[in-house]
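Laboratory data are not the source of any read-out in this text; all were calculated from the coordinates shown. What you are looking at is a predicted structure, and each value in this text was computed from that prediction instead of being measured. FYI the Cβ positions are ideal-geometry reconstructions off the backbone, even for glycines, and counts take in every protein chain you see.
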Amino acid sequence: MPIRVATDPEDDRVVVITIDRPEARNALDPDHQRDLGAAVADFEADDTRLVAVLTGAGDTTFSAGADLKTLIPAYREAVRAGEDPPWNFGGFTATTRDKPLIAAVNGHALAGGLEMALACDIRLCSPNATFGLAETKWAIIPGAGGTVRLPRAVPLGLAMEMILSGEPIDAAEAYRSGLVNRVVEPAELVPAACALARSIAAKGPLAVRAARERVLDGLGLDHETAMAREHTAFLGVMRTDDAVEGPAAFAEKRPPRYRGA
């Protein structure tokens, strides 16, 4: 299968989505582009799945982005013919999502590969990981959120350097700059990402989604508006049954039984 989807053996609320094309550095050709988008869409639509981990097959490359021999030429020809086709890379970089997605970056995340990692909510990486937006080397620009998300993830000067020069940074610099949450040894990378996913999945699902939405939406709002919308979301979550169950479970010293209601 071009894209592998597996349930975490310790918690079936967590799924692992793997780009399985190591012979091409996990670059997305049209088939992988289509199937990855379908896998993320299926995860979003399944109420029993709460958190997903995205990774690449092998231990050298998360994803090298778009296949320069197939996907990019087809898209370029459509543009040069006067068309305005959408560019939703991986099927999710331009799509609004409700659920958390964690990137387990096992090696190089380049061009569209980095843009997919940036579209995830949390990023873990292996020590051999590199991160780069190489599009200017090919006389194009990042078009799947790179110029939008990277400057929001790292200092502006570093984002400018990476975007304009096309040169990558290593895992240590990615950690120092805040691009990744932590660096994990290769054998422990996906297990660590799944452990984090399980931790999130154990929390109130409506609260997780509302908090995630408020963080992302608030980035583009002035302080007063962001605070007002946070308060509205806070009231909405407080009215749920889960908000009753959480404190009750704490008082009774037992695990909460959240129903997403």
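For a test of the definition: using alpha carbon positions, the gyration tensor, and the 1.5 limit on a/c, classify region 145-204 as rounded, prolate or oblate.
prolate
Counting only complete DSSP H runs, which helices of the chain cover 20 Å or more along their long axis at the Cα atoms and score a mean Kyte-Doolittle of 1.0 or above?
Correct list, ordered by number: 186-201.
On a full-extension model of 0.36 nm per residue, what is the gain between D98 and A261, subtracting their alpha-carbon distance, rounded to one decimal in nm?
Answer, rounded to one decimal: 57.1 nm.
Whole-Hz ³J(HN,Hα) for each residue in region 82-89, computed from phi via Karplus 6.51 cos²θ - 1.76 cosθ + 1.60 with θ = phi - 60°, x for glycine and proline: what do you get?
Karplus values, whole Hz, x for Gly and Pro: x, 7, 10, x, x, 10, 9, 5.
For R229, put the label point 7 Å out on the Cα→Cβ axis and report which residues of region 197-211 keep their amide N under 13 Å from it.
210-211
For every helix of n ≥ 4 consecutive DSSP H residues, a contribution of -39,500 (n - 2.57) applies; sum these over the chain, divide by its total residues, and give [θ] at 222 nm rounded to the nearest 500 deg cm²/dmol.
Mean residue ellipticity, 222 nm, calculated: -13500 deg cm²/dmol.
Tell me which residues come under 5 Å, amide H to amide H, from G56 once H is placed; ignore anything under 5 positions away on its chain.
When sequence neighbours closer than 5 places are left aside, the close amide H contacts are I19, N106.
Roughly speaking, what is the stretch gain from L219 to D42, that is 0.36 nm per residue apart minus the C-alpha to C-alpha distance, in nm to one decimal?
Once the chain is fully extended between L219 and D42, it gains 61.0 nm.
Once you order the gyration tensor axes a ≥ b ≥ c over the Cα atoms, which shape class does region 205-251 get: rounded for a/c under 1.5, otherwise prolate or oblate by comparing a/b with b/c?
Because a/c hits 1.5 or more and a/b exceeds b/c, region 205-251 counts as prolate.
Please express the Cα-Cα pair-distance distribution P(r) of region 123-261 as a list of whole percents, one per 5 Å bin, running from 0 to the bin with the greatest distance.
All Cα pairs, binned at 5 Å, distribute as 2, 9, 13, 13, 14, 15, 14, 10, 6, 3, 1, 0, 0 percent.
Using a 10 Å Cβ count of at most 13 others and DSSP loop calls, identify the longest part of the chain lacking such GluC sites (Glu not before Pro).
Answer - 84-251.
Would any residue of region 110-128 have its amide N under 17 Å from a label point 7 Å out along Cα→Cβ of W138? List them or say none.
110-118
Grab the other residues whose beta carbon is less than 10 angstrom from that of A211, score K and R as +1, D and E as -1, and report the net.
+2
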